[in-house]
1. Could we say that residue 330 is on the phi > 0 side of the Ramachandran plot and either more than 16 Å from the chain's Cα centre (by Cα) or within 9 Å of the ligand (Cβ to nearest atom) (or both) here?
2. Go through (1) touching a residue at least 40 places away in the same chain (Cβ under 8 Å); (2) closer than 28 Å to residue 176 by Cβ; (3) β-branched (Val, Ile, Thr) for residue 263 and report which single condition fails.
3. Condition first: in a loop (DSSP other than H, G, I, E, B), of a type outside the set (Val, Ile, Thr) and in contact (Cβ under 8 Å) with a residue 40 or more places away in the chain. Can you find one or more residues in region 228-236 that meet it?
4. Within region 133-154, restricting attention to residues that are more than 17 Å from residue 61 (Cβ to Cβ) and charged (D, E, K, R), which residue is nearest to the ligand (Cβ to nearest atom)?
5. When the residues of region 104-117 are narrowed to those that are in contact (Cβ under 8 Å) with a residue 24 or more places away in the chain and not in a loop (DSSP other than H, G, I, E, B), which ends up nearest to the ligand (Cβ to nearest atom)?
6. When the residues of region 192-207 are filtered to those that are crowded, with 17+ Cβ neighbours inside 10 Å and more than 12 Å from the ligand (Cβ to nearest atom), which remaining residue is nearest to residue 125 (Cα to Cα)?
7. For residues in region 208-227 being closer than 19 Å to residue 358 by Cα and of a type in the set (A, V, I, L, M, F, W, C), which is surrounded by the fewest Cβ atoms within 10 Å (Cβ to Cβ)?
8. Would you confirm whether or not region 301-313 contains a residue that is buried (at least 18 other Cβ atoms within 10 Å of the Cβ) and at pLDDT below 95?
Amino acid sequence: MGGNGFFKDPNLIPIHEKVLAQKRLTFEDGLDLYRSTDLLGVGYLANIARERQHGNKAYYIINQHINYSNVCINGCKFCAFGKRAGDPLAYEMSLDDIMAKVDERLSEPVTEIHIVGGLHPNLPFSYYLDMLRNIKTRRPSVHLQAFTAVEIAHLASIADLSVADTLAALQEVGLGSLPGGGAEVFSPRIRQSLCAKKLPPEGWLQVCQTAHRQGLRTNATMLYGHHETLEERVDHLVKLRAAQDETGGFLTFIPLAFHSANTELAGLPETTGFDDLKNLAVARLILDNFPHIKAFWIMIGPKIAQLSLAFGADDIDGTVIEERITHMAGARTAQGLTRQELHHLIQEAGREPVERDTLYNVISH
Ligand code: V47
């Protein structure tokens, strides 16, 4: 297997040679991979890179998501979660509500709390500082992966601080790393039509790179399956790769499958299993300087996430338990998976389950 006769698509043959020689792939290679209908060929290539980096290991985490508020001033057309203040579906959790969520799972071995919300117009900076400080007091060993780069830029403007000082203040009270949301697709065309008010790509990258320079790791995402072209996807990946060459602080890339229900783009078809696997595989091949590629099972379903372990992904996220952003946009996946269910998925795929913490230190095999 894997000889040149293996590839149905001859365009994959020169890419195979580069992957074997560990040569960086070009923008054109990225396009050839995306355009190829030889999914097994693309997956085979991604698996070479994946196994070179991670062998047979497949990572998961015991985590908890807390979405403290969905009130948002941005109004992105692809988002069903964000609501204007005063909307009947808008909510904001008090600090006590948040602590009650933390307390619900105190008896479980949660190692990470993932905290994301909208851009709230009125909550003071002290709310965010108190949130992290209080959670760390209650659960000192937990890693707080909180606030996307977009939220960080918003908090900086609320606090009237530089991004570096905002991050430093949050680090002081327990911020451990940033999740990868808010990157969407870097294309100016898409930003203009879907999220014109959002922090632009340069700003998103600058916040991440500032965080990296302060010793914080961050994740990165790409929202796919709406109106973006294949060129725009490759451009997004190549820009992330260039940023990573500079600061090296990105930890994990997560392609996010667009869900259209209850959004202004309602009616767009769901992403397909083929495209979900393709995005993970192409990301693994283009992002040669990213340590990890995550298949977020909440968005693509546990079955595709399981298959992705042979198509470039080395991580299937975690237990989660309560997720709002994708479920408000029509996701039909469960709210959570148990450790046993995650193990079963990974083992049936012939991989070795490894429980990790946020920074990929091994908790248990
Ligand atoms: O930034 C919004 C996306 C993101 C929709 O870092 C949507 O490990 C699909 O970034 N359909 C937030 N996606 C979630 C996120 C994330 C999730 C899991 C793990 C990590 C990580 C990060 O969700 C937003 C936006 O890009 N999003 N609306 C939607 N309708």
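1. Working: on the phi > 0 side of the Ramachandran plot: yes; either more than 16 Å from the chain's Cα centre (by Cα) or within 9 Å of the ligand (Cβ to nearest atom) (or both): yes.
Taking the combined requirement at face value, the residue satisfies it.
2. (2)
3. Filtering region 228-236 for residues in a loop (DSSP other than H, G, I, E, B) gives 228-229.
Still in the list and also of a type outside the set (Val, Ile, Thr): 228.
Keeping just the survivors that are in contact (Cβ under 8 Å) with a residue 40 or more places away in the chain gives 228.
There is at least one residue in region 228-236 that is in a loop (DSSP other than H, G, I, E, B), of a type outside the set (Val, Ile, Thr) and in contact (Cβ under 8 Å) with a residue 40 or more places away in the chain.
4. The qualifying residue nearest to the ligand (Cβ to nearest atom) is 151.
5. Here is the first cut: in region 104-117, the residues in contact (Cβ under 8 Å) with a residue 24 or more places away in the chain are 105-106, 108-117.
Still in the list and also not in a loop (DSSP other than H, G, I, E, B): 112-115.
Values: 112: 9, 113: 12, 114: 7, 115: 11 Å.
Going through the qualifying residues, I end up with 114.
6. Step one: list which residues in region 192-207 are crowded, with 17+ Cβ neighbours inside 10 Å, which gives 194-195, 198-199, 201, 204-205, 207.
Applying the additional criterion that residues be more than 12 Å from the ligand (Cβ to nearest atom) yields 201, 205, 207.
Numbers: 201: 24, 205: 22, 207: 17 Å.
Within region 192-207, the match that is nearest to residue 125 (Cα to Cα) is 207.
7. First, the residues of region 208-227 that are closer than 19 Å to residue 358 by Cα: 208-209, 211-221.
Going one step further and asking which of them are of a type in the set (A, V, I, L, M, F, W, C), we end up with 208, 211, 216, 220.
Working: 208: 28, 211: 25, 216: 21, 220: 29.
Filtering region 208-227 for residues that are closer than 19 Å to residue 358 by Cα and of a type in the set (A, V, I, L, M, F, W, C), the one surrounded by the fewest Cβ atoms within 10 Å (Cβ to Cβ) comes out as 216.
8. no
The values are calculated or read from the model by the stated rules, or taken from the named source; none is laboratory data. In this text the structure is predicted, and so the values were computed from the model without any measurement. Positions of Cβ are backbone-derived with ideal geometry, glycine not excepted, and every protein chain shown enters the neighbour counts.
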